[in-house]
Amino acid sequence: MNQKVVPDIRILIVEDEEPILSALAEKIQQTGFAEPLKARNGEEGLEIALKEHPDLLLVDILMPKMDGITMVKELRKDEWGKSAKVIILTNFDTTDAILKDVALIEPSFYLLKSNWNIDDVVVKIKEVLELI
Amino acid sequence: MFKRLTIGFKLISGLAAILILVIGVSVITFITQRDRISDAVFDELTLINNASRVALLDAIDGVRRRTVDFSSDGFIRDATRGIIETGDPKIAVALGEHLRKNKLVLDQAIYGLNVLDPSGTVIASSDSHEIGKDGSQYVQNIESEDFTYGVAQVSDFVSVDNFGISTVALAVAAPLTDKTTGKRIGALVSFIRAGDIASALKTKNALLTGINERYVSMDIFLVNKDGYVIDERYFDGARLTRQADIATILQCSQQKKYVNIQGVEVINAALCMDTGWTLVTEVPVTEALQSIEDMRNGLVFLATILVLLILMIIYIIDKKVINPIKALAYAAQKLGEGDFDVRTHIIASDELGDLSSEFNETAEKLKNAHDLLAKKIREVTEDFEKFKLAVDGTSDHVVITDKDGVILYANRAAEETTGYARSELIGSRPSLWGKQMPTEFYREMWHTIKEQKKSFNGEITNKRKDGRLYIAEAHVSPLFDEQGNLYGFVGVERDITRQKEIDKSKTEFVSIASHQLRTPLTIINWYIEMLSDTQGTVSPEKQKQYFEEITRASKRMIELVNALLNVSRIDMGTFMVDVEPVNFANAMDDVLRDLSIQIAQKNLKILRRYDSSLPSINADPKLLRIIMQNLLTNAVKYTPNNGAITIELSKKGADVLIGVTDTGLGIPAHQQDKIFSKFFRADNAREREPDGNGLGLYIVKSLIEHSGGSVWFISEENKGTVFYVKLPLTGMLVGKGDKPLAV
């Protein structure tokens, strides 16, 4: 079932931690999605997102040059970006001060990476994409 | 301006006034009395004159009547006619005999009797020697028709030289007539000695006895028409020697006082008689006014006594009243100036003595009260000073306001916290540094402290004078007086900005640290999950890659945990610094050896420029190793392949200088100021080496500064960076901590 639908769906991963980026990209591809778009900081992520209009953005928060929150704020200013689907993946806890603005950027979901299995992350991706 | 008069002056003035009054009254009394007495004396003298005149006239009248009586004697008349008709000397002798034996003896006043014929010649006499003398001068108009029986003529006082005596006398003449024809045949002349007449003036008159006795020196004398004093004292035989003062006589009874011919000041009274004589009575003023003189002397005596008495009173008052009052006044002044030991020493059993002892008692009481009060004040002041010192010195900002919120007191911490000087704070309101919170906050605060009368506690953001905000923990309490009335507020603020920052940084540290720990954990979790893929699609190459990722993440975590532990110990100041002489060159080479694999992989050129004369320096080898390791690791990590790293060890003044120069990424200019911050990593470094934890330089800086050295860098992006570390040649400062740092 999945195999039919997902190849059309493009996901953008914005993550500076290379091992995490690789793991996510690999898992997503394994699940049947097209090879995800990759960005290693917020600036790059914003640029690719606005250019490629991916179906879903997986955004880390702590990144060089531009953090994930700032990136999504910028994205929301864009006509397309305003309703773009975003999952925040971070290792900051919701109680951390840095996340107090997360709600403002209206992510579809927020998850704490270390608490999640990568398979469950993929399930959540499908859920957000309303594939299940 | 009123001149202040002393009691002494007033007293003396008063007494002097009384004295002057008494003397004045006395003098006036004396003068009036003197005049009055003088008048009285004059009146008395006039009285005496009147009495004297009566006596004088009586005496003369007696002689006149006697003479008239004699003129009626038949024998005298007959004998006279016989002598005139016959000229018979026998008759004249007989008549003379008759006159001497029968008539002269009848009146002691009459010392001689002459019978004149009409021509005035003496034809018969009580003294036969007088016969033949001219006696006409004693009779005027002997031929006059008026000179008839019963009439007698009284002559003036005249000097006579008859009857064998030379004297001043009066002649009283009566006509002798013929018994049958009644024809005037001659005259009978009686001679009276003026002295006898004058002595009549001295006759003791019963009425005047008192007066006569009073005036011992009183003189009464008669002055004749020619102005001679008729008094035996002044007769030189028949000659009148003393002429009276004419003015006296002329003025008759008007004269009161004058200096008589003997140069004595007298009071006199003169009486002019029909006979042309003047009766004069005079008393020396000294005697007449004896009483008044006595009175004057009395007055002078009294005045003297009075003056002495007053002087004595003044002396006594001065000594007994004024001096004590002055002493009291002086003592009171001293007391007023705060000399509570002053005492008066007035020993007197009177009001002043009482006052003096009262004063001394009061002074004693005052001294005691003052001492007690001074002690109390000292105690209270000491307490207050202690209290004030405590409040002033406390690190909490304390402000006391009145009930309208106007600041009455602010302590030193209030100055420090708000940045306003106390002079600016006092009189202002706390809104000076407040107004940063929402209106509701203040409304609630005022409601609590003013309406509910409760303390308000809260965290408040305020603004310093320099514009910086600070966070304070505030306690505001209402202050009530003993009656429970609100009279002010006390506000205590504790600046918790730093605390907040520390809390925040701690929270952030925990937040970031846990984030950093979760990242390798995530990697480990996920790769293990991928390895254990039950579908068995993981190729051996993938497996190898996954294992590598897991290994790297584990290593990263160990490094991170060590670094976090070090940071924690550094931040708490509990790390150990254990110094020993260290050869810096050897230490540096040890670190280089550890990094030799990476250096070789990147083909980096290492230049070692060590000053060979550098001595061993007291340093903690572990700390030094951490410092050198971090600097060299960074240089190796961020220098591209084939780059060069220069390591320098040299002496610079009193310091040893470590220089590490790389040809690496360099630090972006806009991030250079944050490079030593905890967890901070420059963007370019993070991109290139995501594994770093951002704690290395923070640890380096903390350790160097803790050891008494300093660290700085010069960097340009894409060119390279040089880090310098300076440590004193005398060695690292020894710290107090006991926890070793992880290497």
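Being more than 20 Å from A:Q29 (Cβ to Cβ), crowded, with 17+ Cβ neighbours inside 10 Å and either modelled with pLDDT of 90 or more or within 14 Å of chain B (Cβ to nearest Cβ) (or both) is a description that does not apply to A:K100. In this entry, B:V300 is excluded by the filter for residues that are surrounded by 15 or more Cβ atoms within 10 Å (Cβ to Cβ) and under 25 Å from B:V22 (Cα atoms). Looking at B:D134, B:D146, B:D117, can you tell me which residue is exposed (fewer than 14 other Cβ atoms within 10 Å of the Cβ), modelled with pLDDT of 80 or more and either touching a Gly at 6+ places or on another chain (Cβ under 6 Å) or over 18 Å from B:D73 (Cα atoms) (or both)? Exactly one of B:D134, B:D146, B:D117 is exposed (fewer than 14 other Cβ atoms within 10 Å of the Cβ), modelled with pLDDT of 80 or more and either touching a Gly at 6+ places or on another chain (Cβ under 6 Å) or over 18 Å from B:D73 (Cα atoms) (or both), namely B:D134.
Of all the numbered requirements in (1) within 14 Å of chain B (Cβ to nearest Cβ); (2) modelled with pLDDT of 90 or more; (3) part of a strand (DSSP E or B), A:I87 misses one, and that requirement is (1).
If you scan the stretch B:279-310, which residues turn out to be among the β-branched types (V, I, T) and part of a helix (DSSP H, G or I)?
Within the stretch B:279-310, B:V285, B:T286, B:I292, B:V300, B:T304, B:I305, B:V307, B:I310 qualify.
Please verify whether B:A654 is closer than 29 Å to B:D571 by Cα, surrounded by fewer than 20 Cβ atoms within 10 Å (Cβ to Cβ) and more than 14 Å from chain A (Cβ to nearest Cβ), treating the condition exactly as stated. So B:A654 fits the description; yes. With the structure loaded, tell me whether A:K82 is more than 21 Å from A:R10 (Cβ to Cβ) and without any contact (Cβ under 8 Å) to a residue 12 or more places away in the chain or whether it fails that test. Criteria not met by A:K82. In the stretch B:563-639, counting only strands (runs of 3 or more DSSP E) that sit wholly within it, the ones holding 1 or more residues that are of a type in the set (K, R) span B:605-610.
From the list B:N642, B:N634, the one residue that fits, being more than 14 Å from every other protein chain (Cβ to nearest Cβ) and more than 28 Å from B:D571 (Cα to Cα), is B:N642.
Checked against (1) assigned to a helix (DSSP H, G or I); (2) surrounded by 19 or more Cβ atoms within 10 Å (Cβ to Cβ); (3) in contact (Cβ under 8 Å) with a residue 60 or more places away in the chain, B:F509 passes all but condition (2). Step by step: first the residues of the stretch B:58-80, then only those that are buried (at least 16 other Cβ atoms within 10 Å of the Cβ) and hydrophobic (A, V, I, L, M, F, W, C), then the one that is farthest from B:S190 (Cα to Cα). Which residue is that? Applying the filter and picking the extreme gives B:A79.
For the criterion of being in contact with a Lys or Arg (Cβ under 8 Å, 6 or more places away or on another chain) and under 25 Å from B:G484 (Cα atoms), B:I407 passes.
Given the criteria among the acidic types (D, E) and farther than 30 Å from B:A169 by Cα, does B:D58 qualify? So B:D58 does not fit the description; no. Looking at B:N684, B:N583, B:N603 in this structure, which one is polar (S, T, N, Q), under 30 Å from B:T507 (Cα atoms) and touching a residue at least 12 places away in the same chain (Cβ under 8 Å)? That would be B:N684, the only listed residue that is polar (S, T, N, Q), under 30 Å from B:T507 (Cα atoms) and touching a residue at least 12 places away in the same chain (Cβ under 8 Å). Only one entry in B:G666, B:G708, B:G659, B:G720 is surrounded by 15 or more Cβ atoms within 10 Å (Cβ to Cβ) and at pLDDT below 90, namely B:G708.
Based on this model, can you work out whether B:E424 counts as touching a Lys or Arg at 6+ places or on another chain (Cβ under 7 Å) and either modelled with pLDDT of 90 or more or within 30 Å of B:A474 (Cβ to Cβ) (or both)? For B:E424, the condition - touching a Lys or Arg at 6+ places or on another chain (Cβ under 7 Å) and either modelled with pLDDT of 90 or more or within 30 Å of B:A474 (Cβ to Cβ) (or both) - is not met. Return the residue satisfying two criteria in turn: it lies in the stretch B:517-546 and is at the interface with chain A (Cβ under 8 Å from one of its Cβ atoms) and of a type in the set (S, T, N, Q), and of such residues it is surrounded by the fewest Cβ atoms within 10 Å (Cβ to Cβ). Taking the candidates together, the pick is B:T537.
Among what's in the stretch B:454-512 and is polar (S, T, N, Q) and touching a Phe, Trp or Tyr at 6+ places or on another chain (Cβ under 8 Å), pick the residue that is nearest to the other protein chains (Cβ to nearest Cβ). Step through it out loud before you land on a result.
We begin by selecting, within the stretch B:454-512, every residue polar (S, T, N, Q); these are B:455, B:457, B:461-462, B:477, B:483, B:485, B:497, B:499, B:505, B:507, B:511.
Now drop any that are not touching a Phe, Trp or Tyr at 6+ places or on another chain (Cβ under 8 Å), which leaves B:461-462, B:477, B:497, B:511.
Values: B:T461: 17, B:N462: 22, B:S477: 33, B:T497: 17, B:S511: 4 Å.
Checked the stretch B:454-512; the qualifying residue nearest to the other protein chains (Cβ to nearest Cβ) is B:S511.
Scanning the stretch B:488-499 turns up no residue that is within 53 Å of the chain's Cα centre (by Cα) and exposed (fewer than 13 other Cβ atoms within 10 Å of the Cβ). Filtered by the rule that a residue be within 26 Å of A:K77 (Cα to Cα) and assigned to a loop (DSSP other than H, G, I, E, B), the stretch A:116-132 gives A:L129, A:E130. Out of the stretch B:10-28, which residues are of a type outside the set (A, V, I, L, M) and either modelled with pLDDT under 80 or closer than 28 Å to B:S199 by Cα (or both)? Selection gives B:S26 alone.
Is it true that B:V115 is at negative phi, assigned to a strand (DSSP E or B) and without any contact (Cβ under 8 Å) to a residue 40 or more places away in the chain? For B:V115, the condition - at negative phi, assigned to a strand (DSSP E or B) and without any contact (Cβ under 8 Å) to a residue 40 or more places away in the chain - is not met. When residues of the stretch B:419-455 are filtered for being over 27 Å from B:D481 (Cα atoms) and in contact with a helix residue (DSSP H, G or I) (Cβ under 7 Å, 6 or more places away or on another chain), how many remain? Selection size over the stretch B:419-455: 3.
What is the residue count in the stretch A:90-111 for residues that are closer than 21 Å to A:R10 by Cβ and outside any loop (DSSP other than H, G, I, E, B)?
Restricting attention to the stretch A:90-111, the residues satisfying the condition of being closer than 21 Å to A:R10 by Cβ are A:105-109, A:111.
Now drop any that are not outside any loop (DSSP other than H, G, I, E, B), which leaves A:105, A:109, A:111.
Adding up the residues that qualify gives 3.
Condition check: in a helix (DSSP H, G or I), out of contact with any His (no Cβ under 6 Å at 6 or more places or on another chain), more than 30 Å from A:I28 (Cα to Cα) and hydroxyl-bearing (S, T, Y). Does B:T522 satisfy that? In short, no.
So is B:L565 within 14 Å of chain A (Cβ to nearest Cβ) and under 30 Å from B:L733 (Cβ atoms) or not? Don't jump to the end; show me each part of the working.
Numbers: within 14 Å of chain A (Cβ to nearest Cβ): no; under 30 Å from B:L733 (Cβ atoms): yes.
No.
Filtering the stretch A:93-115 to residues that are over 20 Å from A:R76 (Cβ atoms) and in contact (Cβ under 8 Å) with a residue 24 or more places away in the chain leaves only A:K113.
Considering the conditions (1) part of a loop (DSSP other than H, G, I, E, B); (2) farther than 29 Å from B:A17 by Cβ, B:A348 is excluded by exactly one of them, (2).
Candidates A:L56, A:L50, A:L24, A:L75: the one that is farther than 27 Å from B:G692 by Cβ and touching a residue at least 60 places away in the same chain (Cβ under 8 Å) is A:L56. Among the residues of the stretch B:675-705, those identified as more than 14 Å from chain A (Cβ to nearest Cβ), surrounded by 18 or more Cβ atoms within 10 Å (Cβ to Cβ) and small (G, A, S) are B:G696, B:S702.
The values are calculated or read from the model by the stated rules, or taken from the named source; none is laboratory data. Just so we're clear, the structure is a prediction, and the values are computed from it rather than from any experiment. Neighbour counts are summed over all protein chains in view; Cβ atoms, including those assigned to glycine, are modelled from backbone coordinates with ideal geometry.
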